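Please treat every number below as a calculation from the coordinates, not as lab data. Just so you know, these numbers come straight off a predicted model, no measurement behind them. Neighbour counts are summed over all protein chains in view; Cβ atoms, including those assigned to glycine, are modelled from backbone coordinates with ideal geometry.
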Amino acid sequence: MHLDDQARLQAIIDTAIDGIITIDQRGIIETVNPAAARIFGYRPEEIIGKNIKILMPEPDQSRHDGYMENYHRTGVGQIIGKGREVVGLRKDGSVFPFLLSISEVKLQDKVIYTGIVHDISQQKKAEQAQRESENKINSIIQAAVDGIITIDTRGIIEMVNPSAARLFGYSEEELIGQNIGLLMPEPDHSRHDQYMENYHRTGHRKIIGIGREVSGRKKDGSVFPLYLSISEVQLTDRKVYTGFIHDITHQKVSEERLRRYAAELERSNRELQDFAYVSSHDLQEPLRKIQAFGDRLKTKEQNNLSDQGKDYIDRMLNAAVRMQNLINDLLTFSRVTTKSKPFEKVDLNEVLNGVLSDLEITIEKTGTVIDRSPLPTIEAEPTQMRQLFQNLISNAIKFRKEDVTPVVRISARHVQRKAHLTSTPGDVHVEIEVEDNGIGFDEKYLDRIFNIFQRLEGQKYEGSGIGLAICRKIAIRHGGDITARSQPGVGTRFIITLATKHLQE
């Protein structure tokens, strides 16, 4: 061999990524390239002259001399001229997998064996990681509560998890290899192949990548509602489709039950409102008679009545007045929705001006200080907005503390609010606050104060206990609600949210 060729060959061996080791017929290492030394954790000079078996773990280490002897005697080798995956032993005692191919080279005076060592440690780790990942994914699929089914482009079921099989009433074996149309009621059953063909031709999708509510057919023929989402998966050589199936039978039953309950509640509320209105209206006439005849007794029979009789008549007339006020409040409460008017643009500043004008004498008499900020214009019913402010400001003045100047603050701000029963997500609302420095109340009674006829202060203050119930009904009709923050002896702050635009009558 020419010297340049020999130098070139040596350079190739020295720079090779794979390890190259030559041994003689006794198994003694004659040459080792840097890659082989590095793979086994040695320097080249540490292993040249050593038996190749130092690079082998047990039991190969003890068997190697016998293997070499057997090959020389019989000519039958296990690796020479074939190659296979074996295990190597590093200097630090660790073992690793590698691919070993051995060739026999006959020189002029002797025979040597050249081994090519290809380290596959990282490849094995990657394969192990992939297996673990596949096992994990398979475990998730098998244990999933929702059904998972994979089909090919012809609609043939390739994989079905236990939940899907159980959901449709089949065993997994019964479904694999069947057309997915088996699980569909008519007309989808007959149309599915056409749908698949149309999708492959046009790319127009109805469910793939979208998801929607569909119907499934069980083995016993019964049909049930399910939510189906389908993903398209491109494998190396083909496409498959994976469907995720969520049974919504219970959800549908609950929705229907809730719909019926809501309809029944609406009917009941309507009847209750009609009853409140009719009853209150019908009570007016006999009450007028009680008041009229009571007045006549008091004026015309004054001299014929004893002092006790006069007291009875006064108490009766006072009770009639309280009853009249209660009936009027009940009528007002029932009319919030039954006698409501269309919404219109309402400047709340003008509404507040009118309410403060009506309460002018009470404000002056009690020395109340009104601290107000600008209010917005919203779509609302003007009369009900007037009722709202009238009730809240009247309450603030009524429940004032003795020997303390009453202060009522009215302010507003715009807020983004979560959806209410009568609104949609992201609606802009106005939040109005009416705050006083009055007697306050314990917040554990918060739910009670907005219920009809509830009065925390008993008979100490006049009123029927309907005012705040009316306020809440008005706020809800205007797409909002009302709540309060309070401490006994400190004061109360009512927070009212109202939708700025017309939402629902």
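At-a-glance table
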| read-out | value |
| --- | --- |
| Projected label distance in nm at V415 and L305, using a 7 Å step from Cα toward the beta-carbon | 5.3 nm |
| In degrees, nearest ten, helix 249-300 long axis to first principal axis of the chain (Cα) | 10 degrees |
| Under 16 Å from K53, Cα to Cα: lysines that are on another chain or at least 8 residues apart | K91 |
| Computed FRET value (nearest 0.05) for D237 with E344, which takes r as the C-beta separation and R₀ as 60 Å | 0.35 |
| Positive-end extreme of charge dipole, the chain - chosen from G177, V415, I449 (charges on Cβ) | I449 |
| Efficiency of FRET between R38 and H72 - r from beta-carbon atoms, R0 45 angstrom, step 0.05 | 0.90 |
| Across K252/K473; K289/K310; K125/K239; K365/K444; K310/K365; K50/K110, pairs whose alpha-carbon gap is larger than 21 Å | K252/K473; K125/K239; K365/K444; K310/K365 |
| Residue-span extension gain [E127 to T31] - 0.36 nm each, minus C-alpha spacing | 31.3 nm |
| Helix axis angle, 467-477 relative to the chain longest principal axis, alpha carbon, degrees | 50 degrees |
| Calculated FRET value between R296 and V428, using beta carbons and R₀ = 41 Å, to 0.05 | 0.10 |
| Candidates per trypsin sites (Lys or Arg not before Pro) in region 149-210, loop by DSSP, up to 16 other Cβ within 10 Å | R154, R205, K206 |
| Derived scalar couplings ³J(HN,Hα) [region 42-52; Karplus, 6.51 cos²θ - 1.76 cosθ + 1.60; whole Hz; x for Gly, Pro] | 10, 8, x, 5, 6, 10, 5, x, 8, 6, 4 |
| On Cα atoms only, tilt of 60-74 relative to the major axis of the chain in degrees | 40 degrees |
| Under 5 Å, built H, 5+ apart or other chain: amide partners of K401 | I439 |
| For the chain, alpha-carbon Rg and Dmax in angstrom | 45.8, 158 |
